[in-house]
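S.K.: So that we are looking at the same thing, I have put the structure below in structure tokens.
The values are calculated or read from the model by the stated rules, or taken from the named source; none is laboratory data. Just so it is clear, the structure is predicted and the values come from calculations on it, not from any experiment. Glycine gets a Cβ as well: all are built from the backbone with ideal geometry, and neighbour counts include every protein chain shown. To get the accessible areas, we keep the full protein, side chains included, count just its heavy atoms, and leave off ligands, DNA and RNA. Shrake-Rupley method; radii C 1.70, N 1.55, O 1.52, S 1.80 Å.
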Amino acid sequence: MKKKYKVIFIYNPTSGRGRVEKNLDFIISEISAKYGMCDVIRTMSPEHLKESVRESCYKYDYLFFSGGDGTFNMVVNAIPDIDKLPIFGFLPGGTTNDMSYNLNISRRNVRKGVRDLLNAKPKKYDVGYIGSTKFIYVADLSSYINAIHITPKAEKKKWGPLAYVYYLLLAFMHAKEFVVYLNGVKYITPMVIISNSKEVASFVINRAHKQDEGKYYACIVKRGPLKGLTNIAYLFAFGVKAAYLSKRIEVVEGSLLQILTEEKSWDVDGEYVELSFPATCGYSGRSITVLSNRK
């Protein structure tokens, strides 16, 4: 007799142009066929999502959820401090979605994403933190990245990633450099990225990095022409290794990094967050088990 599991699917109905909600019957049918009965929660607010995740961690063997990278961030920040957690399954549903690449689950087609998810294997994935805030794949500081937060939802829904391009060009007009002390070393930089991710902002920048070894990398982009934009573009076009070898960035690696800056407005997993410094950043000491198609 096939073993029955306690399974729940939690989803954000506003992300990804409502594609998940349109395919909800298919999603639940496929999950139920593999694992047994599947409960469903349609979240009404970020607070509702966090509360649902927190309570579900005590009750279920598998916790499936859908949304964008911001939804994933809310999930990891809602996980209670208990020894036994469910296995997490992520169905991408955002406009852009870096975690779909990290887990190798389709972001463009919901039904293919469901099949990818249900064929995936459990894999350990580290949870990072910066100060008191957890993150699943990235924390960064840049005038350009922050432009993502002023892109209206209506335009993202209409134009997708092209909406971001327009607001990034606007950000160039007001871009500035930041003073950041990383492990006691002073840098003046247009961008800092702290991550364990293979992909950032929909660009594959560190394909070889392992995400289950408690290691993080910090990219400090050097000053350069066009307010550093040429070096930033090189990093995203050719990746961390090439940008470092061409002396366009500095790279610091480790489990824990010490950061001091007066800049409080950071991007954490694609969401705008106010942080306090000095702060420790890197491996939180905790990992979660996520269904993944990456080896």
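S.K.: Just a yes or no: is a residue in the stretch 149-170 at pLDDT 95 or above, within 20 Å of Leu235 (Cβ to Cβ), crowded, with 20+ Cβ neighbours inside 10 Å and out of contact with any His (no Cβ under 9 Å at 6 or more places or on another chain)?
M.R.: Taking the stretch 149-170 and keeping what is at pLDDT 95 or above, we get none.
No, the stretch 149-170 contains no residue that is at pLDDT 95 or above, within 20 Å of Leu235 (Cβ to Cβ), crowded, with 20+ Cβ neighbours inside 10 Å and out of contact with any His (no Cβ under 9 Å at 6 or more places or on another chain).
S.K.: If Gly113 passes every condition in (1) in contact (Cβ under 8 Å) with a residue 60 or more places away in the chain; (2) crowded, with 20+ Cβ neighbours inside 10 Å; (3) outside any loop (DSSP other than H, G, I, E, B) but one, which one does it miss?
M.R.: Every condition holds for Gly113 apart from (1).
S.K.: When the residues of the stretch 194-242 are narrowed to those that are under 21 Å from Ser255 (Cα atoms) and basic (Lys, Arg), which ends up farthest from the chain's Cα centre (by Cα)?
M.R.: Lys241
S.K.: Follow-up question, since we're still on this one. Considering only residues that are open to solvent by 20 Å² or more (accessible area, probe 1.4 Å), part of a loop (DSSP other than H, G, I, E, B), touching a residue at least 40 places away in the same chain (Cβ under 8 Å) and more than 15 Å from Pro13 (Cα to Cα), which ones fall in the stretch 55-99?
M.R.: Residues satisfying the conditions are Lys59, Tyr60, Asp61, Leu85, Thr96.
S.K.: Could you check, for the stretch 10-17, whether at least one of its residues is within 20 Å of Leu85 (Cα to Cα) and within 20 Å of the chain's Cα centre (by Cα)?
M.R.: The answer is yes; a qualifying residue exists.
S.K.: Right, Ala243: in contact with a strand residue (DSSP E or B) (Cβ under 9 Å, 6 or more places away or on another chain), in a loop (DSSP other than H, G, I, E, B) and more than 27 Å from Ala78 (Cβ to Cβ) or not? Walk me through how you get there before you give the answer.
M.R.: Numbers: in contact with a strand residue (DSSP E or B) (Cβ under 9 Å, 6 or more places away or on another chain): yes; in a loop (DSSP other than H, G, I, E, B): no; more than 27 Å from Ala78 (Cβ to Cβ): yes.
Criteria not met by Ala243.
S.K.: Here's another thing I want to ask about it. Condition first: small (Gly, Ala, Ser), open to solvent by less than 40 Å² (accessible area, probe 1.4 Å) and farther than 23 Å from Gly160 by Cβ. Can you find one or more residues in the stretch 4-16 that meet it? Explain how you work it out, then say what you get.
M.R.: At the first step, the residues of the stretch 4-16 found to be small (Gly, Ala, Ser) are 15-16.
Narrowing the set further to residues that are open to solvent by less than 40 Å² (accessible area, probe 1.4 Å) leaves 15-16.
After this cut, where a residue has to be farther than 23 Å from Gly160 by Cβ as well, the list is none.
No, there is no match, as no residue in the stretch 4-16 is small (Gly, Ala, Ser), open to solvent by less than 40 Å² (accessible area, probe 1.4 Å) and farther than 23 Å from Gly160 by Cβ.
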